[in-house]
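This report refers to the structure that appears directly beneath it.
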Amino acid sequence: MPTSTMSIFAYFYSQENDTPNKNQFKVCNPLEVMQNQEKTTYSCSDYLNETTPSGKMIDQTCRDKMTNWCFELVDFLQLSQRTVFMAMSYLDRYLSSGSKVAVNSIHNREEYQLATMTSLYLAIKLHEPIKLNIPTYIHVCNDTRSPDQYTTMENNILNVLNWRLNGPTTFCFLEHFFDSIPSTIFSNSTLSTGHSGLETLLTLSKLYAKLTLNDYYFALVKPSVTALCCISIAMQRIPPCLFNKSDQEAFFSVLSSQINIDLNCLDVREGTKQLENLVMRLPENESELSLLPTQQSMKDTKVDSSSSIKSTNVLQNSSPVCVSRDER
């Protein structure tokens, strides 16, 4: 299954005449369709501030902890980090729905934890080429809930989201943005890791995108805008010898011609400032370039579609984070 519904061109039927003909179909730019989706079906509301406070109500710290847990589990299972972006999209839209079950998850931290874990399970099941059933997932997570609790939550999420599970995320927009940029217009300088300037910019942008997923502020920002903020911060930190001023101008020139977003609009400026604050809080000894993977590890892990994760495969290693009732 593709990582985004818009991995191919979308076709729309014109309603001008009752009888279709070949001139009644037009091909839309996938980025345009993705931008329309993020403004409508896949948008999120400010559910933390729109909900009446209560004693066990979740907060930004809860979201941050569970996002970190999702990344740790995905790394433990050697899956793609883009799956966490999809899972958090499910979760934020579920909590934004205003439905009774969603409001209960906002007011009950145990239910919120279950909603997050189930969202990740759904994302893994739909977007990863592995077979993972609920009992095995519970075992990997060291959780004490029953499979029925996960099944109920899964049905709640699916029904609330109306089975819309393939929307655009920040990760999707980054990949589509960079796919639209011809590498031939840039210089050919590379790092010792083998990265070209464009590859390094994309990798740094994805690192910053991971930071935004931990910040509730960006749950309310359109993913396309968040992707531009990540690129802006990454551009400031990439070595000039690798991506010079001419390369930067060429990049933004091509990008601005591909998307319907003012690169200097208020949303981008404010989002970039917010992300800058997040980056400034990183440990001083943590260099972004030192976090770049090697050329070999840049490639996504290939998992055979027939492979599965079984309880016997994980008995020798415990989950990186134990999720139990005592830790809520």
Residues E270 and T144, FRET efficiency given R0 of 41 Å [Cβ-Cβ distance, rounded to 0.05]: 0.45
Segment D59-N159, length gained on full extension (0.36 nm per residue, minus Cα span): 33.5 nm
Flagged links, alpha-carbon separation over 28 Å, of K56/K125; K100/K210; K65/K125: K56/K125; K100/K210
DSSP-loop chymotrypsin sites (Phe, Trp or Tyr not before Pro) across segment 128-237, with at most 13 other Cβ within 10 angstrom: W163
Spin-label pair Y217/L126, simplified geometry with 7 Å Cα→Cβ offset, distance in nm: 2.9 nm
Rotationally averaged projected area of segment 200-292 (alpha carbon convex hull; nm²): 6.0 nm²
Local electrostatic count at F178 - Lys and Arg +1, Asp and Glu -1, tallied over other residues with Cβ under 13 Å: -2
Likely footprinting exposure, M117, M57, M86, fewest C-beta neighbours within 10 Å first: M57, M117, M86
Cα gyration tensor shape for segment 33-114, rounded if a/c is under 1.5, else prolate or oblate: oblate
Environment charge at A219 (Cβ cut-off 10 Å; Lys +1, Arg +1, Asp -1, Glu -1): -1
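The numbers here are math on the coordinates, done by the rules we state, and not lab data. Keep in mind that this is a model prediction, so the values were computed, not measured. Glycine gets a Cβ as well: all are built from the backbone with ideal geometry, and neighbour counts include every protein chain shown.
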